[in-house]
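Q: Here you go, one structure.
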């Protein structure tokens with residue numbers, strides 16, 4: 001799903017942001033959100049599992065590694081497994097062009113001060129941000145910053161997130177340069193995969209019911 005195209009970029013005079021000229025994103029209105037919710041409630045339940053993170057940074061690369069493992073399996077229709085370790089604006093266009101998603105599971109490794117190798121699963125609720133704060137995050141994204149919080153805030157602003165959101169976080173041990181994981185990182189990857197598979201089984205069971 002990684003973008004491999006180049007587009008002309010223009011200044012949005014209202015938001016002060018850099019957007020591709022062919023598809024400037026617009027925030028959803030309340031009626032549009034209501035229609036989208038109805039489509040999700042009465043249509044096919046679609047689930048997204050996405051990993052976010054840099055490559056070759058040892059345990060900090062566990063998010064993309066988790067997605068790579070899951071992509072090795074065949075999944076029922078409606079389950080999308082994707083690596084979103086690229087520009088949030090390109091991710092936004094991908095999601096806007098696709099059928100709406102009912103559940104999103106986003107995985108990353110991030111130092112939180114927890115015991116190394118621990119795995120946390122939690123709902124994601126968007127924090128309040130000012131327009132200036134959002135613009136700052138968009139600017140950082142354009143420079144190449146790969147950050148899950150930036151990605152989610154930008155997608156949420158433009159109404160592109162699934163209705164229900166879950167974040168899986170892994171506490172890294174080794175954050176140095178390299179293409180392998182620490183022993184704690186490997187164990188955390190196994191645990192994160194187990195938890196994500198359990199979430200997927202639950203979502204598919206609810207869809208069948």
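Q: Determine whether residue 161 is closer than 25 Å to residue 101 by Cα and part of a loop (DSSP other than H, G, I, E, B).
A: Criteria met by residue 161.
Q: Also, quick follow-up: Answer with yes or no whether residue 169 is more than 21 Å from residue 45 (Cβ to Cβ), part of a helix (DSSP H, G or I) and modelled with pLDDT of 95 or more.
A: Details: more than 21 Å from residue 45 (Cβ to Cβ): yes; part of a helix (DSSP H, G or I): no; modelled with pLDDT of 95 or more: yes.
Against the criterion (more than 21 Å from residue 45 (Cβ to Cβ), part of a helix (DSSP H, G or I) and modelled with pLDDT of 95 or more), residue 169 does not qualify.
Q: Filter segment 25-62 for residues that are in a helix (DSSP H, G or I) and either modelled with pLDDT under 50 or under 16 Å from residue 104 (Cβ atoms) (or both) and give the result.
A: If the condition is that a residue be in a helix (DSSP H, G or I) and either modelled with pLDDT under 50 or under 16 Å from residue 104 (Cβ atoms) (or both), then 31, 32, 33, 34, 35, 36, 37, 38, 39, 40, 41, 42 are the ones that fit.
Q: Which one of these does residue 152 not meet: (1) over 17 Å from the mean Cα position of the chain (by Cα); (2) farther than 15 Å from residue 59 by Cα?
A: Of the numbered conditions (1) over 17 Å from the mean Cα position of the chain (by Cα); (2) farther than 15 Å from residue 59 by Cα, the odd one out for residue 152 is (1).
Q: For segment 162-183, which residues satisfy the criterion of being more than 14 Å from residue 115 (Cα to Cα) and within 16 Å of the chain's Cα centre (by Cα)?
A: 162, 163, 164, 165, 166, 167, 168
Q: Of everything in segment 186-199, what is under 16 Å from residue 109 (Cβ atoms) and either crowded, with 21+ Cβ neighbours inside 10 Å or in contact with a strand residue (DSSP E or B) (Cβ under 8 Å, 6 or more places away or on another chain) (or both)? Give them in sequence order.
A: Correct list: 188, 189, 191, 192, 195, 196.
Q: Scan (1) within 17 Å of the chain's Cα centre (by Cα); (2) free of Cβ contacts under 8 Å to residues at least 40 places away in the same chain for the single condition residue 186 breaks and write down its number.
A: Here residue 186 meets the rest and fails (1).
Q: Regarding segment 140-148, can at least one residue be identified that is at pLDDT 95 or above and either in contact with a helix residue (DSSP H, G or I) (Cβ under 9 Å, 6 or more places away or on another chain) or surrounded by fewer than 18 Cβ atoms within 10 Å (Cβ to Cβ) (or both)?
A: yes
Q: Does residue 169 qualify as being touching a strand residue (DSSP E or B) at 6+ places or on another chain (Cβ under 7 Å) and touching a residue at least 60 places away in the same chain (Cβ under 8 Å)? It would help to see each step written out before you state the result.
A: Details: touching a strand residue (DSSP E or B) at 6+ places or on another chain (Cβ under 7 Å): yes; touching a residue at least 60 places away in the same chain (Cβ under 8 Å): yes.
Considered against the rule, which asks whether it is touching a strand residue (DSSP E or B) at 6+ places or on another chain (Cβ under 7 Å) and touching a residue at least 60 places away in the same chain (Cβ under 8 Å), residue 169 comes out as yes.
Q: Can you tell me how many residues in segment 154-185 are surrounded by fewer than 18 Cβ atoms within 10 Å (Cβ to Cβ), farther than 24 Å from residue 89 by Cβ and in contact with a helix residue (DSSP H, G or I) (Cβ under 9 Å, 6 or more places away or on another chain)?
A: Result for segment 154-185: 7.
Q: Pairs only if they're at least six apart or on different chains, beta carbon under 9 angstrom, first in segment 108-134 and free of Cβ contacts under 8 Å to residues at least 40 places away in the same chain and at negative phi, second assigned to a loop (DSSP other than H, G, I, E, B) and surrounded by 14 or more Cβ atoms within 10 Å (Cβ to Cβ); list them, first residue then second.
A: As it stands, the answer is 126/161; 134/15, since those pairs meet every condition given.
Q: Looking at residue 117 and the list (1) over 16 Å from the mean Cα position of the chain (by Cα); (2) under 16 Å from residue 51 (Cα atoms), which single condition is not satisfied?
A: (2)
The values are calculated or read from the model by the stated rules, or taken from the named source; none is laboratory data. These figures come from a predicted structure and were not determined experimentally. Virtual Cβ from ideal backbone geometry, glycine too; neighbours counted across all protein chains shown.
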